[in-house]
1. Checking the conditions here, which among 67, 30 is surrounded by fewer than 19 Cβ atoms within 10 Å (Cβ to Cβ), at pLDDT 80 or above and at positive phi?
2. Given the condition touching a strand residue (DSSP E or B) at 6+ places or on another chain (Cβ under 9 Å) and within 30 Å of residue 314 (Cα to Cα), answer yes or no: does some residue in the stretch 206-228 qualify?
3. Among the residues of the stretch 279-288, count how many are part of a strand (DSSP E or B) and either in contact with a helix residue (DSSP H, G or I) (Cβ under 7 Å, 6 or more places away or on another chain) or within 30 Å of residue 311 (Cα to Cα) (or both).
4. Identify the single condition in (1) under 20 Å from residue 345 (Cα atoms); (2) surrounded by fewer than 24 Cβ atoms within 10 Å (Cβ to Cβ); (3) touching a helix residue (DSSP H, G or I) at 6+ places or on another chain (Cβ under 7 Å) that residue 310 does not satisfy, given that it satisfies every other one.
5. Can you give me the ranges of the strands (runs of 3 or more DSSP E) entirely in the stretch 40-122 with at least 2 residues that are over 28 Å from residue 366 (Cα atoms)?
6. Of all the residues that make up the stretch 192-205, how many are exposed (fewer than 15 other Cβ atoms within 10 Å of the Cβ), touching a strand residue (DSSP E or B) at 6+ places or on another chain (Cβ under 6 Å) and assigned to a loop (DSSP other than H, G, I, E, B)?
7. What residue, of 368, 327, 345, is farther than 22 Å from residue 301 by Cα, at pLDDT 95 or above, touching a strand residue (DSSP E or B) at 6+ places or on another chain (Cβ under 8 Å) and outside any loop (DSSP other than H, G, I, E, B)?
């Protein structure tokens, strides 16, 4: 099974035991073994938006221009539908692999319903050996904050932004508990697994997160370290990661953005508990650099995190509750009373994830999202999502 899909299943699926922790479709091909893998998921989403105010960077839904507050839509959840191809071989004492994947939509708001092009989130090679580690070159999930999203129970569901019909994905806990790891061109080294300890360091595409007004003049630097443990019926993982980017807004205005996080997850006797926290300067909120600084390069501080508790019932249904929040401060000199900039995005999630078969999970989620600005504008939305996700 594709490494990232396997991590998504093993970590964020939150031990839905017999659900999808199986290999994909494995095809021997000469010196190579080809693994065809992925998932298909779709949800019917019912959203009730309660606000009409301006919150720049807010994630809560708003009433539309006619005052309508209830919307419905069909969409994928946080994890897009996925078709991945991974080839592996052993040559000259090296484990060599390639991965290419695509992510098609399950809905489209265009008149004919066929305007959306699929995403291509992965295209990378790896080589290495268990004695010294491995090297990755190409596009894959970012290093910083990867464990935050992979341990989020809404990876099997929807989370925030359920009302964005026809989009590639929803947001899960992105922007209401953690910053998106994103999909980045990278050159990264991962150590061998040393009795549970493992670390990754890498450089990332210097054009990541840039726009017509923000540039980077060096590679991004990202890294993480983790320790996994198992004792009797208790399993868990502790991790920390960080990132540093140099951003330039004008030729006379530049700053160094940094962000770090720490998290832990533990499971025992059917119970699971996850806690996560991040803190940064100039890193923004929701997506790296998003509202991270003023137009003159004055950095804004941000922090947030989430807590999550789950329990597997005797019928194998996983039930869980999660709370997440992302905060964004004003820069020096900015005035709260006149700022519509988001101050916080807050989310409550209650979910149930039932393995109908070892590959197919039925999902039901309730999400409440509240967004507040620094001048105390406020929007709030509730959503109910019903659907299924199938791994292969």
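1. Of 67, 30, the one residue that is surrounded by fewer than 19 Cβ atoms within 10 Å (Cβ to Cβ), at pLDDT 80 or above and at positive phi is 30.
2. Yes, the conditions are met somewhere in the stretch 206-228.
3. Selection size over the stretch 279-288: 1.
4. Checking residue 310 against (1) under 20 Å from residue 345 (Cα atoms); (2) surrounded by fewer than 24 Cβ atoms within 10 Å (Cβ to Cβ); (3) touching a helix residue (DSSP H, G or I) at 6+ places or on another chain (Cβ under 7 Å), the one that fails is (1).
5. 82-91, 94-103
6. Residues in the stretch 192-205 being exposed (fewer than 15 other Cβ atoms within 10 Å of the Cβ), touching a strand residue (DSSP E or B) at 6+ places or on another chain (Cβ under 6 Å) and assigned to a loop (DSSP other than H, G, I, E, B): 2 in total.
7. Selected residue: 368, the only one of 368, 327, 345 that is farther than 22 Å from residue 301 by Cα, at pLDDT 95 or above, touching a strand residue (DSSP E or B) at 6+ places or on another chain (Cβ under 8 Å) and outside any loop (DSSP other than H, G, I, E, B).
Each row is one residue, and each column tells you yes or no for (1) modelled with pLDDT under 95; (2) under 25 Å from residue 261 (Cβ atoms).
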site	(1), (2)
312	no, no
322	no, yes
333	yes, no
352	no, no
355	no, no
372	no, yes
378	no, no
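The values are calculated or read from the model by the stated rules, or taken from the named source; none is laboratory data. Since this is a predicted model, take the numbers as computed values, not measurements. Please note: Cβ atoms are built from the backbone with ideal geometry, for glycine as well, and neighbour counts cover all protein chains shown.
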